[in-house]
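We did not get these values from a lab; they are worked out from the coordinates using the rules stated. Model, not experiment: these values are computed from the prediction. Here the Cβ is made from the backbone with ideal geometry for all residues, glycine too, and neighbour counts use every protein chain on show.
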Amino acid sequence: MSESPFFSRNVYNFEIFAHIAMVMDGLVSLIFFGIELAILIVVIIFNRDHPHFWEIVALLALLQLYQLSEFLVCIGVNAGLITRIGFVVITFLPPVGYFLCTRVVKWKFPDYWFGFAIALAFSVYFIYETSSVTFGECNPFFATYESTGTITIGEGVKAYDLRISVLYGIFYHGSLLYSIWFLVEHLIWGKDKIENKYAVIVLIGFLAFMIPMLLMVIIWPQYAVAVASILCKYALILAVTLLLFSFMKGKKPIEKAVEV
C-alpha cells in the first residue's frame, strides 16, 4: 500500500521545521515576539477606549521587547549591551503589572511608586555596570544568563557578600507574588462587580504564567539559570490574557432621554 502524497508532503514539511528549530538559536523567542507584537497591534487598533488601555499596552510592549532582545542576543547581535537592555525591559514588568492591579481595583494609595523606584535603581545598575549580567548560552527554546555582582555587608571578619542576583530575584518574584496577593485580597472584600471581573481576569493572567514557571524550576532545578527566559516564555499566556482583558470594557452608562 503506497503512502498518500498529502501525508508524505506534511511529514517532509514537519522535518524541515524540526531541522530549523534545532539549528536556529532563539527561534521560539522570535516566534513569541511576532505573536506578542500581533496582540499589541490588535489591542491598539480595536481597544483604545478600554479604561486600562495604556497599562495593557505597556505590559505587552515590555513582553515583546524582551523576546526581541533575546532573539538578537541568540543570533550574536552585541550580546553584552542587548542582554543588559533586555534585563532593563523585564525589570519594569512587575511594577507595571502591580500598577495595573491598583488601577483595576481603584486603589488610591500610590504605593506602586516604590516598585518603580527599585526597578529604576536596578536598571541604572544594569546599564552602567557592564558585568552586571552576562549572556551564557542559547538554544532554540531559551537562553541562560549569569550575574556575579555582590554587595559587601559588614566589615572585617563579619563581612558578608550578598549576591545582587538574589536581591533582584526577591524584588522580581516578590513583586509578582504581592500583586497576586493584592488581587486575591480585593476579591475577598471587594463588592464592585466590574472591578471584581477585571481583577479575576488579571489574576488568572498572573497565575497562568507564574505557576508553570515555579513548578518547572522546582522539578528541574538545573533550569534556574534560565529562569528569566523561561518566565518570559510562559508570559505569552499573560499576553493572551491581556488581549482578552482588552475586550472587556464593562457596560457604558445609559444616557437618559431628555424630554422636550
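For this structure, a couple of remarks:
- Counting other Cβ atoms within 10 Å as a rough exposure proxy, the listed residues M213, M248 run M248, M213 from fewest neighbours to most.
- Placed amide H near E137: partners under 5 Å, 5+ positions off or other chain: T144
- Counting neighbouring beta carbons within 10 Å and listing from fewest to most, the residues L68, L238 come out as L68, L238.
- With θ taken as phi - 60° and the Karplus curve 6.51 cos²θ - 1.76 cosθ + 1.60 applied, the whole-hertz 3J(HN,Hα) list for the range 91-105 is 5, 8, 5, x, x, 5, x, 5, 4, 4, 4, 5, 6, 4, 9 Hz, x standing for glycine and proline.
- Amide H contacts of T150: I164, each under 5 Å away and 5 or more positions distant or on a separate chain (H built 1.01 Å from N in the peptide plane; Pro and chain starts excluded).
- Based on Cα contacts under 8 Å between residues 6+ apart, the range 22-246 shows a relative contact order of 24 percent.
- Stokes-Einstein diffusion of the range 22-246 at 20 °C, 1.002 mPa s viscosity, Kirkwood radius from Cα pairs, rounded to a whole number: 117 µm²/s.
- Cα shape, the range 172-216, gyration tensor, a/c 1.5 rule: prolate
- Kirkwood Rh in Å, taken over all unlike Cα pairs in the range 128-240: 16.5 Å
- Restricting the trypsin sites (Lys or Arg not before Pro) of the range 168-248 to loop positions (DSSP other than H, G, I, E, B) with no more than 14 neighbouring Cβ atoms within 10 Å leaves K191.
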